[in-house]
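Have a look at the structure below, then the notes.
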Amino acid sequence: MKLASLKGGRDGNLVVVSRDLSRYLPATPVAPTLQAALDDWGTTESGLLSIARELEAGAGDRFDPANCAAPLPRAYQWADGSAYVNHVELVRKARNAELPETFWSDPLMYQGGSDAFIGPSDPVLVADEKWGIDFEAEIVIVTDDVPMGVSVADAPAHIRLLMLVNDVSLRNLIPAELAKGFGFFQSKPSSAFSPVAVTPDELGTAWANTKLHLPLRSYLNSNPFGYPQAGVDMTFSFAELIAHAARTRPLCAGTIIGSGTVSNKLDGGPGRPITEGGVGYSCIAELRTIETIQHGQPATPFLSFGDRVRIEVLDDNEQTIFGAIDQPIQRYPG
């Protein structure tokens, strides 16, 4: 089943979308918003599935991702992990920061702003290019109500949906913020999500051990930037991330948990750009770190106004699963 939120009001209007993302039907008879559906998933799921069957039988209106808000335009919680420790290690090298050994056994996670997500086709608005605008391509899951202290073994039963995210970062603001010892805030503006959220069963065998085993594709100005395998080099599964997040508190239905920037090693070392036979990267910062390691300084600039980022996942038949995050970088006019 695939769900989306058409723009309208603070929380959008929930619709069910066909598997090929060509048609949709309103979900209003079942739940007006995705948050409402998640709040009472045990009751709403069957009604949503009934609408999905109507779509597969040919019903529905034409679906246009440009009309979509984020599936959850605002959420009670957005917790982003760093399950790909290779990425963390490389980015910390760029700041001349050591990687603590515990990062390989204890997940890294921060709580991001969740009150103003942006849609998959909406522009990323930033006031100043000098802040070091970067995209970060990630996989995320959405939970139902998760009890405090949930085990890794029980956590998978609480995964209701998967999405993609562009976790926008302002790289040049990060060092000063982290130096304060109190985490990200200004350096993490609003994130953008894929047009649709999908239930795990839609992924078939590509969803195993609470990891998505498909390439996450990123493009910068229509040029391929990264095709890393999301199921490879993922040190912590989503089940482990859920258990980590819920160790000392319950998680509300609609909690979004991110994988962190998808990152692959190559032959035991850092990856290579696609142009050099590698799988590329899911953010510019990682490429700049490789350039620094190899040449003493980075050569690739961060994003500029007018640039365009595209992020999506294709199935084995080259069909898009979540739809694409496809958005321009623009100057904030305020």
About its Cα centre, what dipole magnitude does the stretch 248-334 give when the only charges are +1 on Lys and Arg Cβ and -1 on Asp and Glu Cβ, stated in debye to the nearest 20?
440 debye
For the ranges 141-154, 184-197, 21-34, what's the packing order if you count other beta-carbon atoms within 10 Å of each residue, average per peptide, and put the highest first?
184-197, 21-34, 141-154
Which residue, chosen from Leu214, Pro195, Gly58, occupies the Cα position most advanced towards the positive end of the dipole of the chain, where the dipole is computed from +1 (Lys, Arg) and -1 (Asp, Glu) charges on Cβ about the Cα centre?
Pro195
Inter-part gap, Cα centre of the stretch 165-180 to Cα centre of the stretch 217-237, in whole angstrom, is 20 Å
Dipole magnitude of the chain, debye to nearest 20 (Cβ charges: Lys/Arg +1, Asp/Glu -1, about Cα centre):
640 debye
Mind putting a number on the dipole of the stretch 171-254 about its Cα centre? Charges go on the C-beta only, +1 for Lys and Arg and -1 for Asp and Glu, and I need it in Debye to the nearest 20.
320 debye
Given the peptides 99-106, 168-175, 257-264, arrange them by the average over their residues of other C-beta atoms within 10 Å, most packed first.
257-264, 168-175, 99-106
With every protein chain present, what is the per residue accessible area of the chain (1.4 Å probe, Å²)?
43 Å²
Using DSSP, restrict attention to beta bridges with both residues in the stretch 58-216 and report what percent are antiparallel, rounded to the nearest 5.
95 percent
Using a 1.4 Å probe on the protein heavy atoms, what percent of the accessible area of the stretch 118-170 belongs to carbon and sulfur?
57 percent
Show me the ranking of peptides 308-319, 73-84 by mean Cβ neighbours inside 10 Å, starting with the highest.
73-84, 308-319
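So how many Å³ per residue does the convex hull of the Cα atoms of the chain work out to?
On the way: hull volume 45.2 nm³, N = 334.
Enclosed volume per residue, from the Cα hull, is 135 Å³.
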log10 of Debye I(q)/I(0), alpha-carbon scatterers only, for the stretch 1-109 at 0.12, 0.14, 0.22 Å⁻¹
-0.57, -0.66, -1.06
Quick one: if you take sqrt(5λ) for each eigenvalue of the C-alpha gyration tensor of the stretch 132-176, what semi-axes come out, biggest first, whole angstrom?
30, 14, 7
Once neighbouring chains are kept in place and the probe is 1.4 Å, which whole percent of the accessible area of the stretch 4-86 is contributed by carbon and sulfur?
47 percent
Of Ile311, Gly277, Thr289, farthest towards positive along the dipole that unit charges on Lys, Arg, Asp, Glu beta carbons give the stretch 160-315:
Thr289
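Could you pull out the pairs from Lys2/Lys93; Lys93/Lys211; Lys93/Lys130; Lys7/Lys188 whose alpha carbons sit more than 32 Å apart here?
Lys2/Lys93
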Dipole of the chain, positive end: most advanced residue of Leu38, Val150, Ser259 [Cβ charges, Cα centre]
Ser259
Alpha carbon centroid spacing (whole Å) that separates the stretch 28-63 from the stretch 256-334
33 Å
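The values are calculated or read from the model by the stated rules, or taken from the named source; none is laboratory data. These numbers come from a predicted model, not from an experiment. Reconstructed Cβ throughout: ideal geometry from the backbone, glycine too, with neighbour counts over all protein chains shown. Protein only, heavy atoms only, side chains kept; ligands, DNA and RNA dropped before computing areas. Shrake-Rupley method; radii C 1.70, N 1.55, O 1.52, S 1.80 Å.
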